[in-house]
There are 2 protein chains.
Amino acid sequence: MLHHPKSIINLIRNLGRLPGIGEKTAERLALHILNNPSAQAQQLALSITHMKESVRLCRKCFGYSDHELCTICGVVSRNTALLCVVEQPADMTSIEKSGGYNGLYFILGGVLAPMDGVGPEHIRIGELMKRVERGEVKEVILATGTHVEGESTSAYLAQVLRGYPVTVSRIASGVPVGGDLKYVDQVTLKKAMEKRHAVE
Amino acid sequence: MLHHPKSIINLIRNLGRLPGIGEKTAERLALHILNNPSAQAQQLALSITHMKESVRLCRKCFGYSDHELCTICGVVSRNTALLCVVEQPADMTSIEKSGGYNGLYFILGGVLAPMDGVGPEHIRIGELMKRVERGEVKEVILATGTHVEGESTSAYLAQVLRGYPVTVSRIASGVPVGGDLKYVDQVTLKKAMEKRHAVE
């Protein structure tokens, strides 16, 4: 790397800070950018700056958005009676990609983790309550992760929501579709057994 | 990807144009940039623009440089009697990394490929002759690739250089160091046999 001019080394260093990009890959990318038209490099640089300036949190769901309302909350065809509570914007994206949901979302911004000092006041539980109080939501689907913190956050939310006129549900957990049983961990298998359902 | 705001999609598309970066990786990188300090993103964007504006070709070797002379041609401690001819700047970088060479370089900018319409006038053969005519060089080391075009370009250069008072040499080819013979291709093995040398 030290055999390159300083401006190339500088770009290699900055690219190397991205996750999963080692020095070799960063070097390859930098030389690719160098050897390609300036317009392309300019577009890349501009899109970084533009994204950082443009993206804010959606007023309603706290997901990423270029406008006051995100592309999901702003759509009239969605079922506003369903509210899916997730940890992070990436979780919302995953559920959207699955195509199995047509309701709205609410992004908590984390999970309760008392050991790390994350209490109810550090994630958007107050905002969630306000959203539910507005009365449009009929069912709250708790879709936090199935790890310990995700489960306990869901349990906490279920308890807090008990006083509201909404159905509270939790996403199913079990053997992943396409999964070979011998590769599934024991805790998941135990859960899959417990939550077995009658075959019609 | 369509579930992101437009400005994020835009960055994902631009990152996805880089070699070896698929849509999933581009998405991961874009969200990383989004979630990290603006200063870091700004640095990355600036280093792209700055590199494209700053890098030019070294006046002497035609390698990449931020100044008129590159970091190798501008160093007084190098052996100016040796000139290593390579195809591309990346080849120079590889040889530099090996640490086994202390002379100067000359970047041809390609190889002769008559089938693709690349003749002697399309690569820097004229410039190489001018460099040799200046008289400082005592040995020209031909370090083009060991593929067909690299070999024929070396052969052509050796012929053209015959009229000049310089030694012309070619890099050795054979079994790579650390190579297990059973994984080495037959052409390489044949060459390694032909070019065998006495053990002292």
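Here, each number is a calculation from the coordinates, and none is a lab measurement. This one's a predicted model, so the numbers in the text were calculated from it and none came from an experiment. Here the Cβ positions follow ideal geometry from the backbone for every residue, glycine too, while neighbour counts run over all protein chains shown.
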Practice problem: Report the relative contact order of region A:79-199, percent, no decimals, based on alpha-carbon pairs under 8 angstrom and at least 6 residues apart. | Solution: 24 percent
Exercise. For region A:6-54, report the translational diffusion coefficient in µm²/s to the nearest whole number, using Stokes-Einstein at 25 °C, 0.890 mPa s, and a Kirkwood Rh over Cα pairs.
Key: 215 µm²/s
Quiz item: Over region B:79-170, what per residue volume does the convex hull of the Cα atoms give, in whole Å³?
Solution: 86 Å³
Practice problem: Order by neighbour count: B:T25, A:T153, fewest other Cβ atoms within 10 Å first, most last. | Solution: B:T25, A:T153
Quiz item: Just going by the charge dipole of region B:110-156, with Lys and Arg at +1 and Asp and Glu at -1 on Cβ, which of B:V118, B:H147, B:V137 is farthest out on the positive end?
Solution: B:V137
Quiz item: What is the Rg over Rh value, at two decimals, for chain A, using alpha-carbon atoms and the Kirkwood definition of Rh?
Solution: 1.08
Practice problem: With a/c under 1.5 counting as rounded, go ahead and sort region B:22-99 into rounded, prolate or oblate using the C-alpha gyration tensor (a ≥ b ≥ c being the square roots of the eigenvalues; past the cut-off, prolate if a/b is larger than b/c, else oblate). | Solution: prolate
Practice problem: Estimate the FRET efficiency between B:Y101 and A:K97 by the formula 1/(1 + (r/R0)^6), using the beta-carbon distance for r and 41 Å for R0, to the nearest 0.05. | Solution: 0.20
Quiz item: Rounded to the nearest 20 Debye, what is the dipole magnitude of the protein assembly as shown about its Cα centre when Lys and Arg each give +1 and Asp and Glu each give -1 at the C-beta?
Solution: 180 debye
Quiz item: Say each of A:V160 and B:R59 gets a label point 7 Å from the Cα, pointing the same way as Cα to Cβ; how far apart are those two points in nm?
Solution: 6.9 nm
Quiz prompt | Using a Förster distance of 35 Å, the FRET efficiency for A:S77-A:D180 (Cβ separation, nearest 0.05) | solution = 0.35
Exercise. Quick one: among A:G16, A:G100, A:G74, which has the greatest mean-square fluctuation in a GNM of chain A with alpha-carbon springs under 10 angstrom?
Key: A:G16
Quiz item: Which distance in nm do the two modelled labels at A:L46 and B:K130 give, with both placed 7 Å along the Cα-to-Cβ direction?
Solution: 3.6 nm
Quiz item: Other chains' Cβ within 10 Å of B:18-29 residues: what's the mean?
Solution: 4
Self-check item: Given charges at Cβ of Lys, Arg, Asp, Glu: chain A dipole, positive-most of A:P37, A:G163, A:G109
Solution: A:P37
Quiz item: Distance from the Cα centre of region B:40-72 to that of region A:33-62, in angstrom?
Solution: 22 Å
Quiz item: Within a Cβ distance under 12 Å of A:N102, other residues only, what is the Lys/Arg minus Asp/Glu net charge?
Solution: 0
Quiz item: If you bin every alpha carbon distance in the protein assembly as shown into 10 Å steps from zero, what whole percent lands in each bin?
Solution: 4, 16, 19, 18, 13, 11, 10, 6, 1, 0
Quiz item: How high is the FRET efficiency from B:H197 to B:E151, r the C-beta distance, R0 22 Å, rounded to 0.05?
Solution: 0.65
Quiz item: Just for the protein assembly as shown, what percent of DSSP beta bridges are antiparallel, to the closest 5?
Solution: 20 percent
Self-check item: Count of lysine pairs in region A:47-200 with Cα separation under 26 Å (8 or more residues apart, or interchain)
Solution: 13
Exercise. Under a 10 Å cutoff between Cα atoms, tell me which one of A:T71, A:T80, A:T49 has the largest fluctuation in the Gaussian network model of chain A.
Key: A:T49
Quiz item: Between B:K190 and A:H122, how many nm apart are label points set 7 Å from Cα along the C-beta direction?
Solution: 6.8 nm
Quiz item: Which residue, A:A143, A:A45, A:A30, has the most motion in a Gaussian network model of chain A that connects Cα atoms within less than 10 Å?
Solution: A:A30
Quiz item: Can you give the calculated 222 nm mean residue ellipticity of chain B, where each DSSP H run of n ≥ 4 adds -39,500 (n - 2.57) and the sum is split over every residue, rounded to the nearest 500 deg cm²/dmol?
Solution: -12500 deg cm²/dmol
Quiz item: Per-residue mean of other chain beta-carbon atoms within 10 angstrom of the beta-carbon, peptide B:192-199?
Solution: 0
Practice problem: Using packing as a proxy for protection, rank A:156-165, A:178-187, B:90-99 so that the peptide with the highest average count of other Cβ atoms within 10 Å comes first. | Solution: B:90-99, A:156-165, A:178-187
Quiz prompt | Closest approach to the axis - chain B beta-carbon, rotation onto A, Å | solution = B:A45, 2
